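The values are calculated or read from the model by the stated rules, or taken from the named source; none is laboratory data. What you see is a predicted model; the values in this text were computed from it and never measured. Cβ sites come from the backbone with ideal geometry, for glycine too, and all protein chains shown count toward neighbours.
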Amino acid sequence: MLRFLTAGESHGPALTVVVDGLPAGVPVSGEAIDADLRRRQGGYGRGGRMQIETDSAEITGGVRHGLTLGSPVSLLVRNRDHENWRDVMSPEPQPAAARERRRLRYPRPGHADLAGALKYGTDDLRNVLERASARETTARVAAGALARSLLRETGTEIRSHVLRIGAVALPDAVSTAWDELARVETSAVRCLDPATADAMMAEIDRAKRDGDSVGGIVEVVARGVPPGLGSFAQWDRRLDGRIAQALMSIHAVKAVALGAGFVGGETRGSAFHDEILWSAGAGLERPTNRAGGLEGGVSNGQEIRAAAVVKPIPTLLMALRSVDLATKQPQPASVERSDTCVVPAAGVVVEAMLALVLADALLEKTGGDSLAEVVAHLEATLAAQRALAGPPDQR
Ligand SMILES: Cc1cc2nc3c(=O)[nH]c(=O)nc-3n(C[C@H](O)[C@H](O)[C@H](O)COP(=O)(O)O)c2cc1C
């Protein structure tokens with residue numbers, strides 16, 4: 001129902017995203033999009049590129065007077081750094097010197113460099129890395145801001161926080177309840193506990209000093225997700241699978257867990273599953289949420305909780321061994337300007353991807369060409385659900 005496509009290279013003129021399927025009447029604010037873009041650019045451990053860019057989205061289609069029209073919404077985010085790369089990244093033919101100046105021949109382990117060169121048959125790795133770069137996630141975050149706006153109108157909100165950076169993890173004793181999560185917006189590593197945040201920054205400093213990089217884990221939480229999104233009826237309609245795919249598609253994400261995730265492999269069923277209780281005051285209740293709000297590939301009305309493991313980023317000053325593709329001689333991998341740790345920023349991208357998946361699943365459930373139609377259908381659905389499972393006074 002909701003589709004999006006991004007285009008653009010890391011040092012090209014701009015990133016573009018087209019979001020198709022948003023109903024008419026969804027509020028769109030350039031400021032809100034830019035606020036999310038700023039959150040993606042922040043975080044302790046980012047490198048020099050983020051000091052050059054001050055990302056801002058131009059709305060180039062699909063919005064009039066602050067509201068979507070129901071037509072595709074197109075957004076453009078210019079790459080300020082392109083000024084320094086005009087000839088190297090020019091769409092027009094250039095003298096060979098422009099190509100040679102930033103040619104990359106030594107593939108970086110962990111990047112798309114080698115696999116992409118083999119796939120597209122190029123000996124200039126720049127042709128690969130320019131699009132494979134996580135700069136593309138800027139466009140995803142811009143698209144995600146539109147999805148969030150639709151979700152906000154229907155009562156769903158999304159937050160994220162950092163659970164681990166390298167060897168430093170948030171202690172289990174720290175509450176990660178929804179109301180606490182807003183606090184991470186003032187933390188440089190988007191961590192709930194100030195002492196752990198300091199230890200995380202020290203961990204990043206150590207990696208930077210060694211010319212190394214460091215990964216971690218982020219958790220994303222969606223509150224107010226209506227029950228009944230997704231379906232068990234076909235494999236590709238399962239919401240758990242759709243969320244996992246979306247999160248896994250983010251650069252450097254190497255594992256995704258829903259709810260208690262990997263813990264399920266070491267726990268008995270009686271200690272894992274979320275019991276179902278009913279009281280006249282509250283209707284149906286679940287005292288725990290180890291399922292992360294998803295059972296049978298369908299949202300069950302509890303918070304959706306997912307975690308993503310972000311690998312240590314692959315561009316290292318302490319370059320790993322590689323090979324010169326031209327001479328086949330050993331050669332340290334190329335070094336591009338790079339971050340040391342992107343875990344906090346990855347959390348913002350994870351939020352955007354979850355928003356896009358949930359907005360798509362919501363529209364699939366409700367249909368509707370306008371926000372008013374979406375809301376009317378959703379209210380009728382929620383009323384029917386209350387009649388089935390709610391407390392007697394709400395039936
Ligand atoms: C927000 C964000 C920023 C990133 N910045 C860098 C970076 O500066 N340097 C780097 O080597 N990798 C960076 N990465 C990771 C690489 O883009 C990624 O590891 C690479 O494209 C290979 O893809 P894969 O790890 O999914 O296999 C970043 C990832 C994210 C999510």
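Just the residues that are farther than 17 Å from THR6 by Cβ, under 27 Å from the mean Cα position of the chain (by Cα) and of a type outside the set (Gly, Ala, Ser), please, taken from the stretch 65-88. Spell out the reasoning first.
Initially, the stretch 65-88 is screened for residues farther than 17 Å from THR6 by Cβ, giving 65-71, 80-81, 83-88.
Narrowing further to those that are under 27 Å from the mean Cα position of the chain (by Cα): 66-71, 80-81.
The answer is LEU67, THR68, LEU69, ARG80, ASP81.
Quick check on the stretch 376-390. Is at least one of its residues touching a helix residue (DSSP H, G or I) at 6+ places or on another chain (Cβ under 6 Å) and of a type in the set (D, E, K, R)? So that I can check it myself, show each step before the final result.
The first filter runs over the stretch 376-390 and keeps only residues touching a helix residue (DSSP H, G or I) at 6+ places or on another chain (Cβ under 6 Å), leaving 377-378, 386.
Restricting the remaining residues to those that are of a type in the set (D, E, K, R) gives 386.
Looking for residues that are touching a helix residue (DSSP H, G or I) at 6+ places or on another chain (Cβ under 6 Å) and of a type in the set (D, E, K, R), one finds at least one in the stretch 376-390, hence yes.
Would you be able to tell me the number of residues in the stretch 354-374 that are closer than 14 Å to ARG148 by Cβ and in contact with a Ser or Thr (Cβ under 7 Å, 6 or more places away or on another chain)?
So the answer is 2.
Considering only residues of the stretch 293-319 that are in a strand (DSSP E or B) and charged (D, E, K, R), which is farthest from LYS208 (Cα to Cα)?
Among residues in the stretch 293-319 that are in a strand (DSSP E or B) and charged (D, E, K, R), the one farthest from LYS208 (Cα to Cα) is GLU295.
Do you know which residues across the stretch 234-292 are part of a strand (DSSP E or B) and of a type outside the set (D, E, K, R)?
Residues satisfying the conditions are VAL253, ALA255, VAL256, ALA257, LEU258, LEU277, TRP278, SER279, GLY283, LEU284.
Given the criteria at pLDDT 95 or above and closer than 25 Å to LEU67 by Cα, does LEU382 qualify?
no
Give the residue, chosen from SER322, SER334, that is surrounded by fewer than 21 Cβ atoms within 10 Å (Cβ to Cβ), part of a loop (DSSP other than H, G, I, E, B), more than 9 Å from the ligand (Cβ to nearest atom) and of a type outside the set (A, V, I, L, M, F, W, C). Full working, then the answer.
Details: SER322 fails: part of a loop (DSSP other than H, G, I, E, B).
So the residue among SER322, SER334 that is surrounded by fewer than 21 Cβ atoms within 10 Å (Cβ to Cβ), part of a loop (DSSP other than H, G, I, E, B), more than 9 Å from the ligand (Cβ to nearest atom) and of a type outside the set (A, V, I, L, M, F, W, C) is SER334.
Could you please give the count of residues in the stretch 338-353 that are outside any helix (DSSP H, G or I) and out of contact with any Ser or Thr (no Cβ under 8 Å at 6 or more places or on another chain)?
Looking only at that region, the number is 1.
Quick one: in the stretch 241-289, of everything that is of a type in the set (Ser, Thr, Tyr) and away from the ligand (no atom under 16 Å from the Cβ), which residue is farthest from ARG305 (Cα to Cα)?
Ranking the candidates gives SER279 first.
If you check VAL88, VAL128, VAL77, which single one turns out to be touching a residue at least 24 places away in the same chain (Cβ under 8 Å) and buried (at least 21 other Cβ atoms within 10 Å of the Cβ)?
VAL77
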